[in-house]
Amino acid sequence: MSSFPDIRPRRLRRTPAIRRLVEENRLAPAELVLPLFLKEGLAEPRPISSMPGVVQHTRESLRKAAHEAVSAGVGGLMLYGVPTDDHKDATGSYGLDPAGILNVGIRDLVAEVGDSTVIMSDLCLDEFTSHGHCGVLAADGSVDNDATLAIYAEMAVAQASAGAHMLGASGMMDGQVGAARRALDKAGFQDTSILAYAAKYAGAFYGPFRAAVESSLQGDRRQYQQDPPNLREALREVDLDVAEGADIVMVKPALPYLDVIAAVRDRVTIPVAAYQVSGEYAMVEAAAANGWIDRDRAITESLTAIKRAGAQIILTYWATEVAQRLRY
Ligand code: PBG
C-alpha cells in the first residue's frame, strides 16, 4: 500500500544532521577576502558612518586587522589607500609613488603577514585623482582610456615592487588587464597575478565606499562601468579579460548580479570572484540596527547565495567575522 505522495523531499530536511549532510554549498574562511582602507596621516582608526564596523585604518591598526584576518583563516586582503587631499592631483601621481600611502600599506602587510594570505591591492586611480575618476581626463572632460592605461602599467609595477601578490584591476578601462600584464612581465613580475574586475556595474551600491575613500567624484562612472541591464556585455568583458591574461575574473556588485555570476561561471575555466560591495553591507547593517532583520543569518544567507551562484572567492567586509564564526 503506497501512500501518496511517495516522493517526499521533506525527508532530507527532517533533522539538522540530515540537512547538514545534504548541504550543497558551505562557506569556508579561505574563500573570503577582506577589503581594508588605509588612510594617510591618521592618528586613530576612524569609523565610516555608512559602514558600521568598518574603519579607515592607521598603519598600526591595519597591521592588527590583517593579523586578525589571517588568524581567522581569511583567504586574502584587498588594500585601498586613502591619501590626504594635498596628495591628490589630476593624474593620480601619488598612486605611483613608492612612498605613496597604498604602496606603503602593501609593504606593511607584507611585513606583517607575508605569504600567509594573499595580499591584493587596488589598481585604480580614483582614490588618487583630484576629480575622483578612475583615469585621467581628456581635454573634453571624458576619461582618456589609453592615457590611463599607461599610468596603470606603471602603477602595477609599483604595487608589484611593494610586494603585492595580486593586483585588482578595477578601473574598467579597455585593455587594462593586458596593459598591466605586459608591464608586469617586462619588469620581471611574471608571477604577480591579476584579479580582473571584469564585469563592474555602474550602480547605486558603491555609495558608502565612496565615503570610505573620501572620493572626490562629481557625477558618475557610466562612461566606463557597465550598465546594470546588460548581461551579454558582461560576458564580452570577461572574454576580453581572459584573453588579456586575467588570472581571476570578478563580478561586482554581488547580490544584485547573481545571474551574471552564474553566467560567468559557466563561461570560464579560471576562478570566479564576486564583490559584496559597501551598499550591500550597509543595507544589512542598517536593517539589523533597526531590528528589522536577523543580522547574522542575513550575512550568512547572502554570502551563501553568492557562492551558490558560482563565485568561489568573495570579497566582503564581513570576512574576518564570518571566518571566525565558521571556525569556532
Ligand atoms: C574603484 C572601486 C570602487 C569600489 C571598489 N573599487 C568604487 C567605484 O567604482 O566607485 C567599490 C567597492 C564597494 O562599494 O564596496 N577603485
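The values are calculated or read from the model by the stated rules, or taken from the named source; none is laboratory data. Keep in mind that this is a model prediction, so the values were computed, not measured. Every residue, glycine as well, gets a Cβ built from its backbone with ideal geometry; the counts of neighbours run over all protein chains shown.
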*helices (runs of 4 or more DSSP H) (entirely within segment 1-120) containing at least 2 residues that are buried (at least 16 other Cβ atoms within 10 Å of the Cβ), at pLDDT below 95 and small (Gly, Ala, Ser)*: none
*Within segment 128-174, count every residue that is surrounded by fewer than 24 Cβ atoms within 10 Å (Cβ to Cβ), more than 14 Å from the ligand (Cβ to nearest atom), at negative phi and not β-branched (Val, Ile, Thr).*
20
*Filter result for Val242 (within 16 Å of the ligand (Cβ to nearest atom) and in contact (Cβ under 8 Å) with a residue 12 or more places away in the chain)*: no
*asked:* For the list (1) farther than 13 Å from Ala212 by Cα; (2) under 27 Å from the mean Cα position of the chain (by Cα), I need the number of the one condition that Ser49 fails.
replied: (1)
*asked:* Can you confirm whether Ile106 is among the aliphatic types (A, V, I, L, M), within 16 Å of the ligand (Cβ to nearest atom) and under 16 Å from Ala160 (Cβ atoms)?
replied: yes
*Which listed residue, of Arg265, Arg327, Arg222, Arg308, is surrounded by fewer than 16 Cβ atoms within 10 Å (Cβ to Cβ), at pLDDT 95 or above and either away from the ligand (no atom under 15 Å from the Cβ) or among the basic types (Lys, Arg) (or both)*: Arg308
*Please specify each residue of segment 175-205 satisfying the condition of being under 19 Å from Tyr275 (Cα atoms) and surrounded by fewer than 22 Cβ atoms within 10 Å (Cβ to Cβ).*
Ser193, Ala202, Gly203, Ala204
_Checking the conditions here, which among Ala211, Ala199 is within 15 Å of the chain's Cα centre (by Cα) and within 16 Å of the ligand (Cβ to nearest atom)?_
Ala199
_Take Ala187 and tell me if it is of a type in the set (A, V, I, L, M, F, W, C), within 16 Å of the ligand (Cβ to nearest atom) and within 24 Å of Tyr94 (Cβ to Cβ)._
no
*Run Ala183 past the list (1) in contact (Cβ under 8 Å) with a residue 40 or more places away in the chain; (2) not in a loop (DSSP other than H, G, I, E, B) and report the number of the one that doesn't hold.*
(1)
_I'm told Ala254 meets every condition in (1) in contact (Cβ under 8 Å) with a residue 12 or more places away in the chain; (2) surrounded by fewer than 21 Cβ atoms within 10 Å (Cβ to Cβ) except one. Can you identify the failing condition by its number?_
(2)
*Taking segment 268-288 on its own, how many of its residues are more than 15 Å from Ala198 (Cα to Cα) and away from the ligand (no atom under 16 Å from the Cβ)?*
2
